[in-house]
Amino acid sequence: MIGITCYGAYVPRLRLSRAAAAQANAWANPGLLAQARGERSMANWDEDSLTMAVEAARDALAGRSTDGIGALYFGSTTHPFADRQNAGLVAAALDLPESINSSDLGGAQKAGTAALIAALDRAAAGRPGEALVVAAEHRRARPGSAQELQYGDAAAAFTIGNSAVIAEFLGSHSMSVDFVDHYRATGQEFDYIWEERWLRDEAFQKWVPAAVTAGLEKIGIAPGSIHHFVLPEPVAKLSTLVAKRCGIAETAIADSLLGVVGHAGSAHAPLMLAAVLQKAQAGQTIVVVGFGQGCDVLAFRTTAALGELPARSGVAGSLKRRKEEKNYPKFQSFNETVSPEKGLRGEANPQTALSAMYRSRRMLSGLVGGSCTKCGTAQFPPADLCVNPSCHHQGPMQPYRFADEAARIKTWSADWLTYTPDPPAHYGMVEFERGGRFVADITDWDLGKVEVGQPVRMVFRVRGRDAQRGMVRYFWKAAPLAGTGEH
């Protein structure tokens with residue numbers, strides 16, 4: 001038996017009020033007020049598709065070893081790098097073995113389901129180790145457009161293997177159709193969108209239902225036996241059209257999450273699948289459709305192992321951890337669709353030393369320090385001299401990963417002079433329970449909510465962007481645990 005062995009998800013805590021965004025642009029486009037309901041997920045300034053993929057993967061892998069991961073597939077149409085493997089950087093942030101195979105998949109909104117199929121094919125071929133699949137999206141939209149309200153930022157992750165399977169893979173069916181409802185050419189900032197009617201009448205009333213029907217027949221699933229039908233509809237009610245034409249019960253249609261997240265592009269089908277797995281019961285049939293220049297149709301049946309899976313944040317936990325954002329200019333600034341004055345301190349643009357970054361890659365990407373081989377004291381960064389005053393053992397240390405260790409704020413500052421896209425800049429000394437401390441940036445905190453002694457978790461975030469050279473620098477920051485330092 002092969003299939004999904006665990007799942008995880010991540011939705012940024014910031015949620016842009018659609019009403020606030022629509023009202024800010026109603027002077028030029030009053031029609032936006034018709035879409036001024038609910039909210040959409042909004043990435044912080046230091047988040048992108050790669051950092052969200054890391055968070056979703058950490059949720060999926062929580063409480064288990066990563067030694068058995070043999071491959072990583074990263075599906076997205078908004079990879080930060082066009083010519084630097086993004087999946088490799090995700091693997092480095094997770095401190096996965098460098099012996100794994102890693103691949104980026106993109107170019108269409110079904111990149112997320114394509115990554116799932118690639119991992120399932122790998123398992124079916126008997127390749128050793130599990131495959132980790134991540135899908136994430138951070139799409140930017142033209143200011144004042146309907147897409148600015150409709151899009152959402154999110155990520156989902158799964159491991160695929162042949163033991164402790166929580167959702168058995170029943171089969172898949174794919175078709176490739178050069179149907180263009182939108183596109184984004186190389187070098188362009190925003191999607192070009194065609195008419196919504198074209199999407200509905202030609203795709204979701206014709207060849208999408210035909211693809212789903214052909215897939216169900218190929219896999220051998222009766223439409224009436226489906227418990228959960230996952231279709232990432234770009235526009236509300238399109239899944240109802242497809243379900244009706246395919247004979248699938250309306251009660252089986254999974255929550256589209258459009259009202260609370262928005263459409264997360266290539267990550268949306270995986271995100272909906274993660275949400276379904278979080279509430280599904282053993283023995284239920286799940287059909288997932290990936291849409292974008294064709295269709296992917298995948299079918300799974302949940303097993304008893306699903307109920308034994310340790311609790312995780314998942315989609316439900318991410319949705320619970322939210323902060324409403326009504327500051328539309330802040331949203332634009334975070335998405336770099338406007339360019340506010342940065343001041344003299346914002347002009348610093350140091351070049352990234354690629355050689356130093358490579359030599360310290362495990363420390364910088366994986367937050368790996370050292371543990372004394374004599375007394376066990378952990379420290380960051382690693383060194384050849386133990387910092388324990390009663391030890392001071394000299395010699396190489398054992399690698400020790402701090403990313404998942406419990407930590408607290410030892411000291412902190414809120415700096416209004418240092419440039420940051422979201423002032424003031426919070427930073428301070430972070431102390432880990434097992435030992436080890438270093439000065440780190442503090443993210444996702446609200447002004448006046450930081451206190452000495454508060455618990456934090458380390459998160460992989462954007463440290464800075466070198467616009468001149470096109471480099472994005474990543475490192476680990478301290479973020480509050482849910483319910484502390486945020487509201």
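The values are calculated or read from the model by the stated rules, or taken from the named source; none is laboratory data. Note that the structure is predicted; figures quoted are calculated from it, not measured. Don't worry about glycine lacking a Cβ; one is built from the backbone with ideal geometry, like all the others, and counts go over all protein chains shown. Side chains included, ligands, DNA and RNA excluded: accessible areas come from the protein's heavy atoms. Shrake-Rupley method; radii C 1.70, N 1.55, O 1.52, S 1.80 Å.
Annotations for the structure displayed:
- Among the residues making up segment 465-476, those that are open to solvent by 10 Å² or more (accessible area, probe 1.4 Å) and in a strand (DSSP E or B) are 465, 471, 472, 473, 474, 475.
- Looking across segment 430-447, the residues that are open to solvent by 50 Å² or more (accessible area, probe 1.4 Å) and assigned to a strand (DSSP E or B) come down to 431, 437, 439.
- Sole exception among (1) aromatic (Phe, Trp, Tyr); (2) assigned to a loop (DSSP other than H, G, I, E, B); (3) exposed (fewer than 14 other Cβ atoms within 10 Å of the Cβ) for residue 198, by number: (2)
- Qualifying residue in segment 32-40 (condition: in contact with a Ser or Thr (Cβ under 7 Å, 6 or more places away or on another chain) and more than 28 Å from residue 119 (Cα to Cα)): yes
- Screening segment 313-339 for residues that are open to solvent by less than 20 Å² (accessible area, probe 1.4 Å) and touching a helix residue (DSSP H, G or I) at 6+ places or on another chain (Cβ under 6 Å) and picking the one that is farthest from residue 272 (Cα to Cα) gives 328.
- Qualifying residue in segment 21-35 (condition: more than 20 Å from residue 332 (Cβ to Cβ), in contact (Cβ under 8 Å) with a residue 24 or more places away in the chain, hydrophobic (A, V, I, L, M, F, W, C) and out of contact with any Asp or Glu (no Cβ under 6 Å at 6 or more places or on another chain)): no
- Contacts under 8 angstrom Cβ, first residue in segment 174-188 being within 23 Å of residue 298 (Cβ to Cβ) and in contact (Cβ under 8 Å) with a residue 24 or more places away in the chain, partner assigned to a loop (DSSP other than H, G, I, E, B) and open to solvent by 100 Å² or more (accessible area, probe 1.4 Å), 6 or more apart: 181/194
- Lone unmet requirement of (1) assigned to a helix (DSSP H, G or I); (2) more than 13 Å from the chain's Cα centre (by Cα); (3) hydroxyl-bearing (Ser, Thr, Tyr) for residue 51: (2)
- In the set (1) part of a strand (DSSP E or B); (2) open to solvent by 10 Å² or more (accessible area, probe 1.4 Å), the condition left unmet by residue 295 is number (2).
- Restricting 303, 285 to residues that are in contact with a Lys or Arg (Cβ under 6 Å, 6 or more places away or on another chain), buried (at least 16 other Cβ atoms within 10 Å of the Cβ) and either over 30 Å from residue 159 (Cβ atoms) or of a type in the set (Ser, Thr, Tyr) (or both) narrows the list to 285.
- Of residues in segment 49-67 being in contact with a Lys or Arg (Cβ under 8 Å, 6 or more places away or on another chain) and buried (at least 24 other Cβ atoms within 10 Å of the Cβ), the one farthest from residue 89 (Cα to Cα): 60
- Subset of segment 386-424 (residues that are open to solvent by less than 80 Å² (accessible area, probe 1.4 Å) and in a strand (DSSP E or B)): 399, 400, 401, 407, 409, 411, 413, 414, 415
- Filtered residues of segment 305-354 (kept if within 30 Å of residue 165 (Cα to Cα) and in a loop (DSSP other than H, G, I, E, B)): 309, 310, 311, 312, 313, 321
- Pairs meeting the criteria (first residue in segment 432-451 and charged (D, E, K, R), second residue modelled with pLDDT of 95 or more and outside any strand (DSSP E or B), beta carbons under 7 Å, at least 6 apart or on different chains) are 444/13; 444/44.
- Test: residue 210 is open to solvent by less than 50 Å² (accessible area, probe 1.4 Å) and in a helix (DSSP H, G or I): no
- Counted residues, segment 54-69 - those being under 11 Å from residue 159 (Cα atoms) and hydroxyl-bearing (Ser, Thr, Tyr): 1
- Number of the condition not met by residue 3 [criteria: (1) open to solvent by 30 Å² or more (accessible area, probe 1.4 Å); (2) at positive phi]: (1)
- Positions within segment 293-337 being under 26 Å from residue 252 (Cα atoms), within 19 Å of the chain's Cα centre (by Cα) and touching a residue at least 60 places away in the same chain (Cβ under 8 Å), in sequence order: 312, 313, 314, 315, 317, 318, 319, 320
- Residues within segment 26-48 that are touching a Leu at 6+ places or on another chain (Cβ under 9 Å), surrounded by fewer than 19 Cβ atoms within 10 Å (Cβ to Cβ) and not in a loop (DSSP other than H, G, I, E, B), tallied: 1
- Residues of segment 222-239 satisfying the condition of being surrounded by 14 or more Cβ atoms within 10 Å (Cβ to Cβ) and either touching a Lys or Arg at 6+ places or on another chain (Cβ under 9 Å) or closer than 14 Å to residue 253 by Cβ (or both): 223, 226, 227, 228, 229, 230, 231, 232, 233, 235, 238, 239
- If you go through segment 448-463 and keep only what is open to solvent by less than 20 Å² (accessible area, probe 1.4 Å) and touching a Lys or Arg at 6+ places or on another chain (Cβ under 9 Å), you end up with 456, 458, 459, 460, 461, 462.
- Of the numbered criteria (1) open to solvent by 50 Å² or more (accessible area, probe 1.4 Å); (2) in contact (Cβ under 8 Å) with a residue 60 or more places away in the chain, the one residue 261 fails is (1).
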